[in-house]
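These notes are about the structure you will find just below.
Laboratory data are not the source of any read-out in this text; all were calculated from the coordinates shown. What you are looking at is a predicted structure, and each value in this text was computed from that prediction instead of being measured. Backbone-built Cβ (ideal geometry, glycine too); neighbour counts: all protein chains shown.
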Amino acid sequence: MLTLFRLASAPVFLALFIGSGSNPFLPDWLCGRAGLIACLVVMSLSEISDILDGIIARKFNQVSDFGKILDPYADSTFRLSVFFSFASQAHGKWIPIWMVMILFYRDMLVTVIRAFGIERRIFVHARSSGKIKAIAQGTVIFIVLGLAIIYGEEFVSMKSASTGAAVTSVAHSLMWIVTAVTVWSGCDYLYSNRHLFSGAQGPKA
């Protein structure tokens, strides 16, 4: 149920972020800074549910293969929804879309790797690089939303940077870290599970 909550919260965040932006379709009291605060609340609830999900599953011995697959899918769906929102024009395009696409392609790569594992009846376990990637993404999301709420949208937006110096925008600069960690995580998953593509059995853990 907690995992499904995270899945359901993704379109809620998307609607709040876009609907409170430059072309608002939400009530006035949910526009601008108030809308960003609402987004931060949804993000916080999603991250809390992710933490509780693992704790409860382990404590009550409810860990399942289905849950191991659905959990990272829910995480990816929510965080990608957030980053696609940041790349939209709703609040001034905080980050470039090509960075978000790298995040998307990495998650699709891991999905393909897991599919190959299912075909060979080998479960692809979560790796520490994936957890580090999730922490980096979640941390940057909190920082960007927090700075936008405190200092204003232009403080983190690419439009606040002078022509030819867009990399100086706060969100853009932080996304370089996220993108690098995400690429490293994708390479780690691909290299660690290369046996799935070569025909060798390889380790099952």
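Just to be sure I understand the rule: take each whole DSSP H helix in the chain, project its Cα atoms onto its long axis, keep it if the span is 30 Å or more and its mean Kyte-Doolittle hydropathy is at least 0.0. Which ones pass?
Values: long enough: 33-59 (39 Å, 1.09); 65-87 (33 Å, 0.37); 97-119 (33 Å, 1.39); 128-151 (34 Å, 1.46); 170-192 (34 Å, 0.94).
Span-like helices here: 33-59, 65-87, 97-119, 128-151, 170-192.
Packing, as the average of other Cβ atoms within 10 Å across residues, places the peptides 129-137, 71-79 in the order 71-79, 129-137, highest first.
Could you list Met99, Met1 in order of exposure, starting from the residue whose Cβ has the fewest other Cβ atoms within 10 Å?
On the way: Met99 19, Met1 7.
By the 10 Å Cβ count, ascending: Met1, Met99.
Considering only alpha-carbon pairs that sit under 8 angstrom and 6 or more positions apart, the relative contact order computed for the chain is 23 percent. Taking 4 °C and 1.567 mPa s as conditions, segment 29-100 diffuses translationally at an estimated 92 µm²/s according to Stokes-Einstein applied to its Kirkwood radius (Cα pairs).
Computed over segment 2-198, the percent of Cα pairs more than 22 Å apart is 50.
With n ≥ 4 as the cut-off for DSSP H runs, can you work out [θ] at 222 nm for the chain, using -39500 (n - 2.57) per run divided by the number of residues, rounded to the nearest 500?
-24000 deg cm²/dmol
The lysine pair tally for the chain, using Cα distances under 30 Å and a gap of 8 or more places or different chains, is 13.
With contacts taken as Cα pairs under 8 Å at a separation of at least 6 residues, segment 1-80 carries a relative contact order of 44 percent.
Roughly how many debye, to the nearest 20, is the charge dipole of the chain about its Cα centre, given +1 on each Lys and Arg Cβ, -1 on each Asp and Glu Cβ, and no other charges? Don't skip to the answer; put the middle values down first.
On the way: 17 positive and 12 negative charges, 132 e Å.
Around 640 debye, computed over the chain.
The ranking of Met175, Met108 from fewest to most other beta carbons within 10 Å of each one's beta carbon is Met108, Met175. If R0 is taken as 41 Å, the Cβ-Cβ distance between Phe123 and Phe155 corresponds to a FRET efficiency of 0.40.
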